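**Q** Structure in structure tokens, see below.
Please treat every number below as a calculation from the coordinates, not as lab data. Note that the structure is predicted; figures quoted are calculated from it, not measured. So basically every Cβ, Gly included, is an ideal-geometry build from the backbone, and we count neighbours across all protein chains shown.
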Amino acid sequence: MKIIDLLNSGHTTISCELFPPKKGEDLPQAQEVVKQISALHPAFMSVTYGAGGGTSATTVRIAQEIQKSHVPALAHLTCVSSTRDEISERLAGLKKAGIENILALRGDIPEGKDFPTPNQYHYASELIREIKTQGDFCIGGACYPEGHVECAHKTEDIRHLHEKVEAGCDFLTSQMFFDNDLFYNFMFRALAGGVNVPIIAGIMPVTNAKQITRICSLSGTILPQRFKAIADRFGSDPKAMKQAGIAYATEQIINLISNGVPHIHIYTMNKPDIAAAIFHNLSDVISCDGN
């Protein structure tokens, strides 16, 4: 099933993200994660793509496992480290595997390498256009409520999002954020900038102190004072931090849904117990569409 059809159904959707194992011998463990999270009946499950295409084959295998569990799969595809011929081969592989939903990403530029070469993609919008020529795929893109770290101005960032939509992007999924007001402001700017596709809010339950440091260093995400207070108070107690992190994410999601944001994507970090706790907290919220 195409994800855009789910997003346009008029119902609240809660989806989950997984990442594939880096080593083939860890595949059974990843398959067990798929089994446990699919049992929660998410609207769909996405599976990430290793840097430079390092997990491309495993990404497809995990996506197939997801679809065997009767949950739509969304396969990530990055282009920054791949030639156009390599991308074409990977698209053919996804089509052959029966994967019809793709999250098209530029990816991180490799350090110490010339970029781009004439046979590489510069931007995600170029990848989106290429995907459109190679099959009847449903295409998602990424968006950044706090602005992409490489964009000098937020207006420039919205312009790039509009370019993705013009290229054929069907929906957008946001980078994680911890302050809903920032997301609401972003939604207003996106609409004003002509970005008229469904936008899914990305939520990461932060359940240990190490995650917090990594999140800030990689994405530049702003942590509101309310979240910092939770981390300061409970960060040294793993059980308390886990419970508090789940509660914070749950509260974010409830606030989003109650304010008209019906589509939520949970960055699970391959932890079925955390996903299960959030789904349990939202059991009646999910079933209530305000009709």
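**Q** Might you report the magnitude of the Cβ-based charge dipole of region 12-287 about its Cα centre, with Lys and Arg at +1 and Asp and Glu at -1, to the nearest 20 debye?
**A** Computed about the Cα centre, the dipole is about 400 debye.
**Q** Let me know the whole percent of all Cα-Cα pairs from the chain that are separated by more than 36 Å.
**A** Percentage above 36 Å: 11.
**Q** While we're here: Rounded to the nearest 500 deg cm²/dmol, what is the calculated helix-only ellipticity per residue at 222 nm for the chain, with -39500 (n - 2.57) per DSSP H run of length n ≥ 4?
**A** Mean residue ellipticity at 222 nm (helix-derived): -14500 deg cm²/dmol.
**Q** May I ask you to derive the relative contact order of the chain, considering only C-alpha pairs under 8 Å and at least 6 residues apart, and to give it as an integer percent?
**A** Once divided by the residue count of the chain, the mean separation gives 20 percent.
**Q** Leaving out same-chain residues fewer than 8 places away, which aspartates and glutamates sit with a Cα under 12 Å from that of Lys2?
**A** Excluding near neighbours in sequence, the set is Glu100, Asp136, Asp170.
**Q** Counting only other residues whose beta carbon sits under 13 Å from that of Lys271, what net charge do I get with K and R as +1, D and E as -1?
**A** That sum, taken over residues with Cβ under 13 Å, equals -2.
**Q** Taking H placed 1.01 Å from N in the peptide plane, check which residues at least 5 places from Ser46 or on another chain put their amide H under 5 Å from its amide H.
**A** Cys16, Glu17, Leu18, Leu74
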